[in-house]
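Take a look at the structure set out below.
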Amino acid sequence: MVKVTDANLFFLAVWLSRAIAETPSTGTAPPRRIAVIGAGIGGASAAHFLRQHFGKSVKIDVYESEAVGGRLATTSISGQEYEMGGTTIHPLNLHMKEFVKMLGLKERLHPDNLLAVSDGEEFVFEESNWFIVNIIKLIWRYGLDFVRMKMWVESYQHRFMKIYRYQAHGYSFTTMDKLLHGLGGDEFVQMTKHSIDEALQKIGIGHRFMDEMITPIMRLNYGQSVNINAFVGMMSLVSAESALWTVEGGNKLVCSGLLYSAKANLIKGKVTSVESKQRPLRNGEVVTFYEVNYTAGPDSGYNMYDIVIVAAPLHSGKSEIRFHDLTQPIGGQYQPMVVTLVLGRLNTSYFGHRGPFRPTAITTTAQSGSFILGASVTPPVAPDARPPSPAPARVWKVLSPEPLGEERLSRLFPTGHGAMREARWLACPRYSPADVVPPFVLRDRLYHLSAAEWAASTMEMAAIAAKNVALLAHHRWFQRLDKIDPDALPQRLKTEL
Ligand SMILES: Cc1cc2nc3c(=O)[nH]c(=O)nc-3n(C[C@H](O)[C@H](O)[C@H](O)COP(=O)(O)OP(=O)(O)OC[C@H]3O[C@@H](n4cnc5c(N)ncnc54)[C@H](O)[C@@H]3O)c2cc1C
């Protein structure tokens with residue numbers, strides 16, 4: 001339930017004024033019905049931005065075959081809720097920040113974990129509580145690689161922030177390549193076409209830092225190697241920073257909140273196909289609609305729409321939506337990742353460690369041969385939650401490419417474990433620099449928001465893609481073509497950027 005507060009009223013006023021300002025007087029009637037397929041953060045933010053740009057008269061239906069939130073989900077262990085999917089949000093993720101504020105939710109600082117890196121035989125790096133000690137350790141072992149990497153990440157991150165300016169001025173892009181070009185020219189586009197390994201080698205990052213720091217972060221965030229594209233690699237390194245936050249009560253609350261505030265109509269059903277249909281009107285004019293077919297338990301149904309937004313990854317075995325008349329293949333392979341929450345005492349000798357152990361997060365190198373990608377102590381989503389049992393038993397979130405099974409679980413937690421929960425995800429695209437990022441426009445008035453995920457998969461990327469697709473749908477409907485794929489920006493905007 002969204003509380004009525006002064007902040008909400010303020011954002012409501014901003015929203016209404018924007019919606020009114022955005023509806024142009026071209027004489028074109030607004031669309032009557034828009035479908036959004038998927039109620040994860042992409043679909044929910046699409047509903048929000050569609051309402052903002054198309055105004056209150058359009059009917060927005062959101063189809064969801066499973067739970068609202070998609071890859072944002074919590075689970076209960078010993079009476080407390082914990083994040084099982086997308087967890088941390090960067091302080092510069094401005095859409096997520098605005099959603100939380102608008103919905104009257106609360107940001108919660110995610111505790112900084114003390115990191116240890118295992119190569120299978122020992123911890124090759126162990127973080128300290130003392131900043132200065134960490135700096136000395138990093139320079140001692142890796143020279144200035146840490147500084148080089150940080151400067152590289154910051155220079156791209158800084159340019160990436162331009163997207164908010166473009167979007168605030170109502171610009172949209174038909175492909176990720178064009179969007180990236182707008183942010184940083186060819187250099188940015190090339191980021192999706194070569195690997196993070198190549199990009200970091202070019203700035204002089206050595207093998208040891210690559211193996212012991214960069215690779216474990218890629219494994220932990222995406223379950224993949226340093227062969228993933230440099231853009232998603234950069235995003236992954238950004239997410240290793242401090243001051244990350246989560247939403248109090250669970251990130252998925254943003255999805256349900258956005259659907260509620262957008263007055264979207266949630267249809268619990270699985271979309272099976274999207275088909276374009278032509279219908280003659282009484283006046284002899286012929287109009288084209290999209291017919292969205294869906295199943296809901298034993299029942300099936302269909303509805304007709306002016307515009308359809310696909311906010312679900314199009315890969316076989318998951319969304320399974322048939323698109324009639326689409327010739328190009330869309331989607332690709334997704335990376336499986338298993339999240340296991342375990343209440344227990346982690347066996348650090350499995351990682352070759354002897355003696356007292358302070359770290360609260362473990363990453364593993366590719367050479368470690370470990371069956372886990374990493375593990376960290378995880379906090380509950382509720383603000384006043386007490387620890388689930390006397391220390392040192394804690395709730396560990398273990399990430400692995402496959403389910404752990406009892407035997408592996410007992411190697412990690414030999415003294416036994418309390419409650420245990422498991423989530424099996426198709427977590428993100430299986431990235432390769434050879435990938436072609438699919439376009440946002442599948443056909444006239446049929447949009448694919450999740451295309452952005454082929455550049456990088458994060459909550460904020462989904463929200464950015466949602467805003468982009470809502471603007472694109474709006475401008476194409478009302479023929480505001482000057483606001484699409486801008487080559488030259490107005491001078492005022494150029495100086496602001
Ligand atoms: C383990 C894990 C950890 C992560 N950690 C982070 C993190 O710390 N920070 C971060 O920013 N990101 C993280 N991510 C990534 C982030 O969670 C995703 O990028 C984001 O949630 C994707 O949102 P989405 O709406 O695009 O897709 P989804 O959340 O997948 O939503 C798509 C929705 O569409 C529905 N759907 C699919 N097909 C159909 C159909 N045919 N009919 C109707 N409905 C359909 C699905 O059920 C689903 O609910 C993580 C992801 C995972 C799995």
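Quick notes
- Residues that are within 14 Å of Leu471 (Cβ to Cβ) and touching a strand residue (DSSP E or B) at 6+ places or on another chain (Cβ under 6 Å), drawn from the range 48-80: Leu50
- The single condition among (1) assigned to a strand (DSSP E or B); (2) loosely packed, with under 11 Cβ neighbours inside 10 Å that Gly284 does not satisfy is (1).
- Just one residue in the set Ala419, Ala361 is among the hydrophobic types (A, V, I, L, M, F, W, C), at pLDDT 85 or above and more than 20 Å from the chain's Cα centre (by Cα); that residue is Ala361.
- Listed here are the helices (runs of 4 or more DSSP H) enclosed by the range 174-269 that have at least 2 residues being more than 16 Å from the chain's Cα centre (by Cα): 176-191, 196-202, 215-222, 252-261.
- Any hit, the range 11-31, residues being crowded, with 24+ Cβ neighbours inside 10 Å and modelled with pLDDT of 90 or more: no
- For His475, the conditions (1) farther than 30 Å from Leu343 by Cα; (2) in contact with a helix residue (DSSP H, G or I) (Cβ under 6 Å, 6 or more places away or on another chain); (3) at pLDDT below 95; (4) away from the ligand (no atom under 16 Å from the Cβ) are fulfilled apart from (3).
- When residues of the range 437-486 are limited to those that are hydroxyl-bearing (Ser, Thr, Tyr) and touching a strand residue (DSSP E or B) at 6+ places or on another chain (Cβ under 6 Å), the one surrounded by the fewest Cβ atoms within 10 Å (Cβ to Cβ): Ser457
- Counting the residues of the range 138-157 that are surrounded by 15 or more Cβ atoms within 10 Å (Cβ to Cβ) and β-branched (Val, Ile, Thr) gives 1.
- Test: residue in the range 242-249 that is surrounded by 21 or more Cβ atoms within 10 Å (Cβ to Cβ), under 22 Å from Leu449 (Cβ atoms) and modelled with pLDDT of 95 or more: yes
The values are calculated or read from the model by the stated rules, or taken from the named source; none is laboratory data. Quick caveat, the model's predicted, so the values are computed rather than measured. Every residue, glycine as well, gets a Cβ built from its backbone with ideal geometry; the counts of neighbours run over all protein chains shown.
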